[in-house]
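The values are calculated or read from the model by the stated rules, or taken from the named source; none is laboratory data. As the structure is a prediction and not an experimental result, all values here were calculated from the model. We place every Cβ from the backbone using ideal geometry, glycine too, and count neighbours over all the protein chains shown.
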Amino acid sequence: MTPAIEIVKTAKINFHLHEYNHDPGADSYGKEAAIRLGIDSTRVFKTLVVALDGKNLAVGVLPVSTQLNLKLYAKAVGIKKVTMADRKVVERTTGYLLGGISPLGQKKRLTTIIDNCAKHFKTIYVSGGRRGLEIELSPDDLCLLTGGKFRVIGN
């Protein structure tokens, strides 16, 4: 059981786990999840970590079918500029490996912005904390559990 699964179980929210056999050669973890689970890629959300400055990190959760807009993300958190965080720093800070980073159960709770389009769906899919594992839950529950905010961050 991953920390992400422990979080949703402890919260006693409605969720479903979906597993698939991860292909180590896949070029996009999120798109692989959508294809293997037979879900539209607009409902499968990736977790990206950005650097707000030299020390602070934050999380963006958005559909695998879109790209993170760094300018919109910066605006969402009220600063001028953000950059993508270093892979090793991301893994050390979250406790997850790339391709399995969940917005839930990270070692250090980070500011979380969820793309506003999530509210268009009854449920969305996010990483369950390892490659080949997705958690399906409502966007509102995800926002509550992460202490997140809904903003437009993708294009």
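Details
- All positions within region 67-99 that are among the aliphatic types (A, V, I, L, M) and in contact with a Phe, Trp or Tyr (Cβ under 7 Å, 6 or more places away or on another chain): V82
- The number of residues in region 128-155 being under 18 Å from V50 (Cα atoms), modelled with pLDDT of 95 or more and in a strand (DSSP E or B) comes to 3.
- Sole residue being without any contact (Cβ under 8 Å) to a residue 24 or more places away in the chain and hydrophobic (A, V, I, L, M, F, W, C), chosen from A85, A74: A74
- Members of region 16-65 that are among the aliphatic types (A, V, I, L, M) and in a loop (DSSP other than H, G, I, E, B): A26, I39, L52, V64
- Where Y73 falls short, out of the listed (1) surrounded by fewer than 20 Cβ atoms within 10 Å (Cβ to Cβ); (2) within 17 Å of the chain's Cα centre (by Cα); (3) part of a helix (DSSP H, G or I): (1)
- Residue within region 121-134 that is at negative phi, exposed (fewer than 15 other Cβ atoms within 10 Å of the Cβ) and not charged (D, E, K, R) present: no
- Here N155 passes the criteria (1) under 26 Å from H16 (Cβ atoms); (2) in contact with a Ser or Thr (Cβ under 7 Å, 6 or more places away or on another chain); (3) surrounded by fewer than 20 Cβ atoms within 10 Å (Cβ to Cβ) except the one numbered (1).
- None of K71, K149, K81, K107 is touching a strand residue (DSSP E or B) at 6+ places or on another chain (Cβ under 8 Å), basic (K, R) and more than 22 Å from D27 (Cα to Cα) except K149.
- Looking only at region 62-94, and only at residues there that are under 30 Å from L17 (Cα atoms) and touching a helix residue (DSSP H, G or I) at 6+ places or on another chain (Cβ under 7 Å), the one that is modelled with the lowest pLDDT: V64
- Cross-chain or 6+ apart pairs with Cβ under 9 Å, region 89-101 first and assigned to a helix (DSSP H, G or I), then among the polar types (S, T, N, Q): T93/Q106; T94/T47; T94/S102; T94/Q106
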